[in-house]
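Visitor: Encoded as structure tokens, here's the structure I'll be asking about.
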Amino acid sequence: MVTQLNDIDSHEFNPWRRVSSLIEEAGKLLGLDSGMIQRIITPERILEVAVPVRLDTGNVEMFTGWRIQHDTSRGPGKGGIRFHQSVNKDEIAALSADMSIKCAVVNIPYGGAKGGVRVDPTRLSRGELERLTRRYAFSIAPMIGPDRDIPAPDINTDAQVMSWIMDTVSMMHGHNTPGAVTGKPLSIGGTLGHAGATSLGVTICTTAILQRLGRPSNEQRVIIQGYGKVGAPLVKLMSDRGMKVVGVADVSGAIYVPEGINPQLLAKHFEAAHTVLGYPGAEHVDPEKFWTLPSDIAIPAALGGVITDRVAETMTASVMIEAANGPTTGDGAAVLASRGIPVVPDVLANAGGVVASYFEWAQDLQGFMWEPELFQQRLEKTMQDAFIHVWNRSQQLSVNLRDTAIAVGVERIAEATEVRGLFP
Ligand code: GLU
């Protein structure tokens, strides 16, 4: 029985339904009783807030925001905040559950949470964005804090947005609370290495799976959907490891460069053009056909729900690494499995970001910043250990990497839930 959050059309892809059934399946695989499975699935706390914002015109516009703590049995809630016009409660609930699993898979002492505001931030001026962020932060403030729930950047939010949240919370408390938010600028308790950590983790997982499949890195052609915080650094990191990035897509369209994209050249081009389109010598391709480009590794690094059954049927790559959160629908996953295409799932592949957040938070709580080398070393080790654990377990269980990763996460959450008992 899947916990229902909204009355939703049963034919539409719903990320909450997908993640709750994945947890349910994992619970059954582990032999957990149904009470425990329902306890793990059901979000602990859901807050919906109205966010009125005075626009530069003087008019007031209303937005809706959410912060959801899915599970806090292993530690405070942790997870990003996204600003996007498609945000809704079910999506944030699904993403909060993904965070619970993700933090457990990489074995860091956090539960899972997520937040978001339904807004297209590209329509807002900087002043409007700051007012929206501060009002939203004020409204969710009773839920957040260094020992309760620690937000971080996600889609369309960055270090500047985190600074405004940190400042709002600090003003309300009357003292500095750097540990209340991660992904901050260095000047207020951020850490070198946070930016790009998700992409580094994706790269570590890619190299690790190629090694196990006996495929040399320098023969791999990679396509990446998304050229933002995660996608852009990936072009360079993959190229540095000898892979050839032949296709990149962003919101405006997609490019194909069979001889391989030069990461520096693309970064320079993007800075000027604000799109990958027009990269010198690139063929523009129909975004609908992006996943059919000749390639070996496919990396969705943008929004969720894009790898549908139809996409999975025609995908050319023979390995997929999920840099985005929830990029694959249930039907899409079934097709990839039937085609024997291994997938490193989001809860493992993109966990580098939250591991970096953990290190930033630990440094803030200690009031002692680490050397950048130590940060890097610990990040790489945490990701490598998590990959090896999931890979070995998947071989033992004869279950694919996604179901195994979810089972590893659910098992750790169940253990914490069990040992803590039931209050009162
Ligand atoms: N938004 C990132 C994610 O989805 C990072 C979350 C965090 O650092 O709390 O994993």
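The values are calculated or read from the model by the stated rules, or taken from the named source; none is laboratory data. Owing to the predicted nature of the structure, the values given are computational and were not obtained by experimental measurement. Note that each Cβ is placed from the backbone with ideal geometry, even for glycine, and that neighbours are counted across all protein chains shown. Accessible surface is based on the protein model in full, side chains and every heavy atom, while ligands, DNA and RNA are left aside. Shrake-Rupley method; radii C 1.70, N 1.55, O 1.52, S 1.80 Å.
Visitor: Report yes if I413 is farther than 22 Å from A97 by Cα, touching a residue at least 60 places away in the same chain (Cβ under 8 Å) and among the β-branched types (V, I, T), otherwise no.
Guide: no
Visitor: Could you identify the single residue in V202, V230, V181 that is buried (at least 18 other Cβ atoms within 10 Å of the Cβ), without any contact (Cβ under 8 Å) to a residue 60 or more places away in the chain and within 16 Å of the ligand (Cβ to nearest atom)?
Guide: Residue meeting the stated conditions: V181.
Visitor: State all residues of the stretch 116-142 that are basic (K, R) and either surrounded by fewer than 17 Cβ atoms within 10 Å (Cβ to Cβ) or without any contact (Cβ under 8 Å) to a residue 12 or more places away in the chain (or both); if no residue qualifies, say none.
Guide: Residues satisfying the conditions are R123, R126.
Visitor: Could you tell me which residue of the stretch 355-407 is nearest to the ligand (Cβ to nearest atom), considering only residues that are closer than 20 Å to T206 by Cβ and hydroxyl-bearing (S, T, Y)?
Guide: T382
Visitor: Being open to solvent by 10 Å² or more (accessible area, probe 1.4 Å) and of a type in the set (A, V, I, L, M, F, W, C) is the filter here; which residues of the stretch 324-353 pass it?
Guide: A333, A334, V335, A337, I341, V343, listed by residue number.
Visitor: So how many residues does the stretch 377-408 have that are surrounded by 16 or more Cβ atoms within 10 Å (Cβ to Cβ) and modelled with pLDDT under 95?
Guide: 0
Visitor: Does E288 count as open to solvent by 10 Å² or more (accessible area, probe 1.4 Å), under 29 Å from P76 (Cα atoms) and without any contact (Cβ under 8 Å) to a residue 60 or more places away in the chain?
Guide: no
Visitor: Going by the conditions given, is I261 in contact (Cβ under 8 Å) with a residue 40 or more places away in the chain, in contact with a helix residue (DSSP H, G or I) (Cβ under 8 Å, 6 or more places away or on another chain) and over 29 Å from Q363 (Cα atoms)?
Guide: It is false that I261 is in contact (Cβ under 8 Å) with a residue 40 or more places away in the chain, in contact with a helix residue (DSSP H, G or I) (Cβ under 8 Å, 6 or more places away or on another chain) and over 29 Å from Q363 (Cα atoms).
Visitor: Another question, then. Exactly one condition in (1) among the small types (G, A, S); (2) touching a helix residue (DSSP H, G or I) at 6+ places or on another chain (Cβ under 8 Å); (3) open to solvent by 40 Å² or more (accessible area, probe 1.4 Å) is not met by G214; state its number.
Guide: Condition (2) is where G214 drops out.
Visitor: Name every residue in the stretch 346-372 that is within 17 Å of A195 (Cβ to Cβ), in a helix (DSSP H, G or I) and not aromatic (F, W, Y), in order of residue number.
Guide: Those that are within 17 Å of A195 (Cβ to Cβ), in a helix (DSSP H, G or I) and not aromatic (F, W, Y): G352, G353, V354, V355, A356, S357, E360, Q363, D364, P372.
Visitor: If you don't mind, another one. So in the stretch 100-157, with the set limited to residues that are acidic (D, E) and in contact with a strand residue (DSSP E or B) (Cβ under 7 Å, 6 or more places away or on another chain), which one is farthest from the ligand (Cβ to nearest atom)?
Guide: Per the stated criteria, the residue is E128.
Visitor: Of the residues that sit in the stretch 64-79 and are within 12 Å of the ligand (Cβ to nearest atom) and buried (at least 24 other Cβ atoms within 10 Å of the Cβ), which one is nearest to the chain's Cα centre (by Cα)?
Guide: Among them, the one singled out is G79.
Visitor: Is at least one residue of the stretch 291-305 under 21 Å from the mean Cα position of the chain (by Cα), buried (at least 24 other Cβ atoms within 10 Å of the Cβ), more than 14 Å from the ligand (Cβ to nearest atom) and not β-branched (V, I, T)?
Guide: Yes, some residue in the stretch 291-305 is under 21 Å from the mean Cα position of the chain (by Cα), buried (at least 24 other Cβ atoms within 10 Å of the Cβ), more than 14 Å from the ligand (Cβ to nearest atom) and not β-branched (V, I, T).
Visitor: So I209 passes all but one of these: (1) assigned to a loop (DSSP other than H, G, I, E, B); (2) in contact (Cβ under 8 Å) with a residue 40 or more places away in the chain. Which condition number does it fail?
Guide: Single failed check for I209: (1).
Visitor: Let me ask you something else. Against the definition (more than 16 Å from the ligand (Cβ to nearest atom), on the phi > 0 side of the Ramachandran plot and of a type outside the set (V, I, T)), how does G260 come out, yes or no?
Guide: Yes.
Visitor: Tell me whether the stretch 56-64 contains one or more residues that are touching a Gly at 6+ places or on another chain (Cβ under 6 Å) and in a strand (DSSP E or B).
Guide: No.
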